[in-house]
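*Asks:* Dropping a structure here in structure tokens format, bear with me for questions.
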Amino acid sequence: MSPSIHLPSRILDVNVSVTLFADLRRFGPQNHEGAIAVSLDDGASVEELLTAVGFPDDETIRGEITVGLNGDLGKRDTVLNDGDDVTLFSPMEGGSTVQPARTDEQ
């Protein structure tokens, strides 16, 4: 059974499934495996989901997260719908977006 996170004392209308990959697992429930069931207020965004899961309010962490939403790329301001499948990835190591300088010999 997947762990669940519920926000207390609120009307909860949106239930989503969240999968944390790599080092982001440290922010979820301890010793969890697989997806986490999270209940949120109707109209909640991915940003609010990050808070519910336990991510610190730290842009150096949140700003690096890649959001997958129902198999597509999502954004932190995307409003979630009941039944959404959210996948959170940390930045990949290696590679570079900087192209090497071209020399006259090339």
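*Asks:* Quickly run through segment 34-72 and pick out the residues that are assigned to a helix (DSSP H, G or I) and touching a Ser or Thr at 6+ places or on another chain (Cβ under 7 Å).
*Replies:* VAL46
*Asks:* Does ILE36 fit the bill of being surrounded by 16 or more Cβ atoms within 10 Å (Cβ to Cβ), modelled with pLDDT of 90 or more, among the aliphatic types (A, V, I, L, M) and in contact with a Phe, Trp or Tyr (Cβ under 8 Å, 6 or more places away or on another chain)?
*Replies:* In short, no.
*Asks:* Within segment 20-28, is even one residue assigned to a helix (DSSP H, G or I), touching a strand residue (DSSP E or B) at 6+ places or on another chain (Cβ under 9 Å) and at pLDDT 95 or above?
*Replies:* Within segment 20-28, not a single residue is assigned to a helix (DSSP H, G or I), touching a strand residue (DSSP E or B) at 6+ places or on another chain (Cβ under 9 Å) and at pLDDT 95 or above.
*Asks:* Okay, next question. For ILE5, which of the numbered conditions (1) at pLDDT below 90; (2) outside any strand (DSSP E or B); (3) of a type outside the set (S, T, N, Q) fails to hold?
*Replies:* Of everything listed in (1) at pLDDT below 90; (2) outside any strand (DSSP E or B); (3) of a type outside the set (S, T, N, Q), ILE5 misses just condition (2).
*Asks:* If I filter segment 92-106 for residues that are within 12 Å of the chain's Cα centre (by Cα), at pLDDT below 95 and not acidic (Asp, Glu), do I get at least one hit?
*Replies:* No, the conditions are met nowhere in segment 92-106.
*Asks:* Out of all the residues in segment 73-92, which are of a type in the set (Ser, Thr, Tyr) and either outside any loop (DSSP other than H, G, I, E, B) or without any contact (Cβ under 8 Å) to a residue 60 or more places away in the chain (or both)?
*Replies:* Those that are of a type in the set (Ser, Thr, Tyr) and either outside any loop (DSSP other than H, G, I, E, B) or without any contact (Cβ under 8 Å) to a residue 60 or more places away in the chain (or both): THR78, THR87.
*Asks:* Pick from segment 39-91 the residues that are among the polar types (S, T, N, Q) and modelled with pLDDT under 90: which of them is nearest to ASN15 (Cα to Cα)?
*Replies:* The qualifying residue nearest to ASN15 (Cα to Cα) is SER90.
The values are calculated or read from the model by the stated rules, or taken from the named source; none is laboratory data. The structure presented is a predicted model; accordingly, all values stated were derived computationally and were not measured. When we count neighbours, we look across all protein chains shown, and the Cβ atoms used for this are built from the backbone with ideal geometry, even at glycine.
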